[in-house]
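Written below as structure tokens is the structure these notes are about.
No lab work stands behind these numbers, since they all come straight from the coordinates. As the structure is a prediction and not an experimental result, all values here were calculated from the model. Counting neighbours? That spans all protein chains shown, and the Cβs are built from the backbone with ideal geometry, glycine included.
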Amino acid sequence: MKKLINKNNVRAISFSVIAGLGLFSIAAPASADFVAFEIRNTPTINISGAVTEFIIDGGGDKAALGSNDINGSTIGEITSLSIERLDDPSRFGPGTGPNVAPYFNLWITDGAGNFAVVANEPSNGAFQPLYNDGYDLSFADLSDKVAKIYENSSTPWLPNSGIGLTFADLANFVIQAPTIAELTASWGGLGTGAPREIGTNVAYGVNWVFGDTLANYVSGDSGYRVTNANVEAAKVSEPALLALFSLGLVGMTASKRRKIRLFKATQNV
């Protein structure tokens, strides 16, 4: 009889676990809406319906599309980071920054007040094969690519102090934009090219960036025309987690009731 009690207990727990896994698999991904903003100098941003044009006239001009909608997700949870480019990139030399623009910036944090920007510029040779009239990237695409750290000169809180990293090394770091107050207070290494809105210090966790400190991303009079910027992260929603917890309690309660019934049955034999 003791074996029968244990078997029922295992069945109840197994049911809870299986149901819980189902909740994880059906949880909707967090997705993002993007807004256009100026970072530095005088880039021109033209918006027409779903299409945004970024005209970068000279070195130092910088602008971006940014989103805070997946703040709180980790880099390793990114399932899609995408953007579609509509202008003709062949007007730029093969393999140059403008030919395979834009590049992305992610604000990351350790949760203890430290922030930095992680990026992989598309002029990186290993990154260029991922370009196809824009990008549609997942963490699997990024994991073995070089991850460059910017906007913080003190990085002992990062693996290997931020040197020689890939995105896999940063998989568990949280995507989170600093607050206006944090950016206003500043810290060592935070520069004018950090992805934040000029004049307001509003920042976004995920950014598609146009322009650079140098003149290597100048677009000319005809700008970068893009659409369908999006990012998704596989993250279990709070309702799903609550449902999973509740289901586990139901399973344990059912198991306990079976034990009581079976125990009483043995006493009546």
Using θ = phi - 60° and the Karplus form 6.51 cos²θ - 1.76 cosθ + 1.60, what ³J(HN,Hα) does each residue of the stretch 102-119 get, whole Hz, x for Gly and Pro?
x, 10, 10, 10, 10, 6, 10, 9, 9, x, 10, x, 9, 10, 7, 9, 10, 8
Quick one: net charge around residue 221, please, counting Lys, Arg +1 and Asp, Glu -1 for every other residue with C-beta under 12 Å from its C-beta.
-2
What net charge do the residues around residue 134 carry, taking every other residue with its C-beta under 10 Å from that of residue 134, with Lys and Arg at +1 and Asp and Glu at -1?
-2
Per-residue Cβ contact counts at 10 Å, fewest first, order 222, 80, 73 as 222, 80, 73
Distant-in-sequence amide H partners of residue 205 (H built 1.01 Å from N, under 5 Å):
67, 68, 177
Checking the stretch 116-224 for chymotrypsin sites (Phe, Trp or Tyr not before Pro) in a loop per DSSP with at most 13 other beta-carbon atoms within 10 Å yields none
Residue 136 to residue 51: extension gain in nm, 0.36 nm per residue of separation minus the Cα-Cα distance?
28.9 nm
Convex hull of the stretch 104-233 built on C-alpha atoms - directionally averaged projected area, nm²
8.8 nm²
Distance (nanometres) between label positions extended 7 Å along Cα→Cβ at residue 180 and residue 114:
2.8 nm
Can you sort 47, 39 by how many other beta carbons sit within 10 Å, fewest first?
47, 39
Could you give the length gained by full extension between residue 198 and residue 86, i.e. 0.36 nm per residue of separation minus their alpha carbon distance, to one decimal place?
37.7 nm
To the nearest 0.05, the calculated FRET efficiency linking residue 145 and residue 221 through their beta-carbon distance, R0 being 41 Å, is 0.80
Quick check on the exposure proxy: order 81, 190, 214 from fewest to most C-beta atoms within 10 angstrom.
214, 190, 81
